[in-house]
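Peer 1: Here it is, the structure, as structure tokens.
The values are calculated or read from the model by the stated rules, or taken from the named source; none is laboratory data. Computed from a predicted structure; not experimentally measured. Backbone-built Cβ (ideal geometry, glycine too); neighbour counts: all protein chains shown.
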Amino acid sequence: MVIPRTWRRCLDLICCFIVIALASGAPSRGDAVIDSRSVQQKGGLSAIVQRLGSVDATAHREFTIVLKAGTNGAEAAAVATYLRRFGLFVTITPDDRFIHASGSYAAAGAAAGVNFERVRSGTETFVRTTGPVQFPYAIARYIAGSSVNPGVKVHSFIVNRKGVIAGPQTGYSPADFANIYDINPVYRSGIDGQGATIDIAACFNVNVSDITYFQSHYQLPGASLHIVHVDGTTDQSGLIPPPDIEPTIDVERVIATAPRASVNLYLVPDCLVSQFVDIFAKIDADGGETALSDSYGLGEADYAAFDISDLMEAQHAALQCIASHDVALFAASGDNGSWGDPFLATDFLDVNYPASDPYVIAVGGTTVEQTSLGTRLFEYAWGGSGGGYSNDFTIPSWQAVTPGVASGQFKNVPDVAIDGDPDTGAAVAFDVSLPPPLFPAGGTSAASPTWAGLWALVDESRRLHGHGKLSSAPAALYHLRGTAAFYDITVGDNGYYPAHVGYDNVTGVGVPDAAKLVTALQ
């Protein structure tokens, strides 16, 4: 049965009032710390791993070496020379921060002092090293991390809906978002993202005709889209990956928000954790971006359970390089609320990486409904919004002074939020040859690129006022908490953490009022 939208709106309002009533009985202190008794924490989790055997030593392997900050050309060359001794083909980036190597598994293992094994854990089959990477000290002293260890596949944080939804049956249009989040005054001032470049880290492929359809349907100007394949165009099976909805909505959310921004879409073929180290290295080497959006991730507990913590360290080192160029880094906080990966355990608290990285702005999700005029009727925390705090990264200085955080020692997630509920999701054009060509999709995967698009507007505004990039996008956003630049979300929860006045571990410092945000940061 299809419920008429007017009835659904009434039901949603009733539900909203119930949530408000329930929330009013909860502690209202913005600085309250959640009592974590009776809930599992992340420590001690392990995955049951079945060893399947060795890998084909002659199979092709590509990986990245992340060099430490301050490494000079001679030192980078020394690392490259060492790798070449094992028959690896090696290139060094111009800034001497990354080395890309390719060759066989045998050569990679010999150079890194490891062997590789195929393993299965549940439904996940992957290749990993049998122990930690062990470069000789003369070389290791220059290395911050590497992607020698292939690792598991990361998760895409997207949910699509083709059934009954609270918003329009095609999903919220760019105009709807502009009304809800007060972007129209920015557009009327002539700011539409021109001159800004947004990089997207993603997997598999896109069909450009889907994106062209989206632009044409909503009468958006033709954005500049540049597709960059990292680690080749074929996957481990030798096949070309098919178009996927995740990179498609990533691009469409950016151009829906900043229609004249340039978009660089970086794609890897297998979606392995290690390939994201390679993506970040390529992005840093290419340079010139305003912001980066990553709608993928993996629970912090997964890294420990699968013995691939070295890949988190390598990603962190690579993201640090990108952030050093004053690039705003956005990542989806996840779609499982406050809970960790159910593949490993149930009812335990965890956050996703890279959202938990201190250099990254973690983007959570909300549920938002429009009035008949297209403005915000109500907005509350989406139950799927990933949130909590890291077990690996200490709290950054700009968050340490923020009341309401669940942890005063570790990085809290998320930092900001925007519509992410698939039931009030954004319109996406995907596989347009099959009906319906437009349908709603959500998840924090849609929220992260939307915020990256907003940052393109901030960047253009700053350039028009004679200013360069902000040296720390996270610090700048937290400086505006409690101001008109953010609409505070005070109702709802993500399973364990409630939304409340001020910062909370469901929606961060809130959702944007784009016009006021752009003005405040110009």
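Peer 1: Here is a list of conditions, (1) among the β-branched types (Val, Ile, Thr); (2) surrounded by 15 or more Cβ atoms within 10 Å (Cβ to Cβ); (3) under 25 Å from residue 285 (Cβ atoms), and residue 183 meets all of them except one; can you say which number that is?
Peer 2: (3)
Peer 1: So, one more: State whether one or more residues within segment 442-459 are closer than 17 Å to residue 176 by Cβ, touching a Pro at 6+ places or on another chain (Cβ under 7 Å), assigned by TED's automatic domain parsing to the domain that holds residue 380 and in contact (Cβ under 8 Å) with a residue 60 or more places away in the chain.
Peer 2: Looking through segment 442-459, at least one residue is closer than 17 Å to residue 176 by Cβ, touching a Pro at 6+ places or on another chain (Cβ under 7 Å), assigned by TED's automatic domain parsing to the domain that holds residue 380 and in contact (Cβ under 8 Å) with a residue 60 or more places away in the chain.
Peer 1: How many of the residues making up segment 270-297 are surrounded by fewer than 24 Cβ atoms within 10 Å (Cβ to Cβ) and closer than 20 Å to residue 120 by Cα?
Peer 2: 2
Peer 1: On to the next question. List the residue pairs whose Cβ atoms are under 8 Å apart, where the first residue sits in segment 203-221 and is at pLDDT below 95, the second is crowded, with 17+ Cβ neighbours inside 10 Å, and the two are 6 or more positions apart or on different chains.
Peer 2: Correct list of pairs: 221/192; 221/215; 221/259; 221/260.
Peer 1: Which numbered condition trips up residue 307, out of (1) assigned to a loop (DSSP other than H, G, I, E, B); (2) of a type in the set (Asp, Glu); (3) within 14 Å of residue 154 (Cα to Cα)?
Peer 2: The failed condition is (3).
Peer 1: Also, I was wondering about something else. Here is a list: 333, 293, 324. Which entry is of a type in the set (Ser, Thr, Tyr), farther than 17 Å from residue 202 by Cα, in contact (Cβ under 8 Å) with a residue 24 or more places away in the chain and not assigned by TED's automatic domain parsing to the domain that holds residue 130?
Peer 2: 324
Peer 1: Same structure, new question: When you look at residue 375, is it in contact with a helix residue (DSSP H, G or I) (Cβ under 7 Å, 6 or more places away or on another chain) and surrounded by fewer than 24 Cβ atoms within 10 Å (Cβ to Cβ), yes or no?
Peer 2: So residue 375 fits the description; yes.
Peer 1: Also: Counting only residues that are under 21 Å from residue 339 (Cβ atoms) and in a helix (DSSP H, G or I), how many does segment 399-422 have?
Peer 2: Final tally of qualifying residues: 1.
Residues are listed down the side, and each one gets a yes or a no for (1) at pLDDT below 95; (2) buried (at least 18 other Cβ atoms within 10 Å of the Cβ):
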| position | (1), (2) |
| --- | --- |
| 92 | no, yes |
| 107 | no, yes |
| 120 | yes, no |
| 123 | yes, no |
| 127 | no, yes |
| 131 | yes, no |
| 148 | no, yes |
| 163 | yes, no |
| 166 | yes, yes |
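Peer 1: Exactly one condition in (1) free of Cβ contacts under 8 Å to residues at least 40 places away in the same chain; (2) out of contact with any Pro (no Cβ under 8 Å at 6 or more places or on another chain) is not met by residue 241; state its number.
Peer 2: Unmet for residue 241, out of (1) free of Cβ contacts under 8 Å to residues at least 40 places away in the same chain; (2) out of contact with any Pro (no Cβ under 8 Å at 6 or more places or on another chain): (2).
Peer 1: Could you check residue 482 against (1) in contact with a strand residue (DSSP E or B) (Cβ under 8 Å, 6 or more places away or on another chain); (2) on the phi > 0 side of the Ramachandran plot and say which number it fails?
Peer 2: Every condition holds for residue 482 apart from (1).
Peer 1: Kindly indicate whether any position in segment 243-262 is part of a strand (DSSP E or B), crowded, with 20+ Cβ neighbours inside 10 Å, at pLDDT 95 or above and assigned by TED's automatic domain parsing to the domain that holds residue 422.
Peer 2: So far as segment 243-262 goes, yes, one or more of its residues are part of a strand (DSSP E or B), crowded, with 20+ Cβ neighbours inside 10 Å, at pLDDT 95 or above and assigned by TED's automatic domain parsing to the domain that holds residue 422.
Peer 1: Is there a residue in segment 282-295 that is over 16 Å from the mean Cα position of the chain (by Cα) and farther than 26 Å from residue 459 by Cβ?
Peer 2: Among the residues of segment 282-295, not one is over 16 Å from the mean Cα position of the chain (by Cα) and farther than 26 Å from residue 459 by Cβ, which makes the answer no.
For (1) part of a loop (DSSP other than H, G, I, E, B); (2) crowded, with 21+ Cβ neighbours inside 10 Å; (3) at pLDDT below 95, each residue gets a yes or a no:
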position: 459; (1), (2), (3): no, yes, no
position: 466; (1), (2), (3): yes, no, no
position: 470; (1), (2), (3): yes, no, no
position: 483; (1), (2), (3): yes, no, no
position: 496; (1), (2), (3): yes, no, no
position: 506; (1), (2), (3): yes, yes, no
position: 518; (1), (2), (3): no, yes, no
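Peer 1: Restricting segment 195-223 to residues that are part of a helix (DSSP H, G or I) and among the hydroxyl-bearing types (Ser, Thr, Tyr), which is nearest to residue 327 (Cα to Cα)?
Peer 2: Among residues in segment 195-223 that are part of a helix (DSSP H, G or I) and among the hydroxyl-bearing types (Ser, Thr, Tyr), the one nearest to residue 327 (Cα to Cα) is 212.
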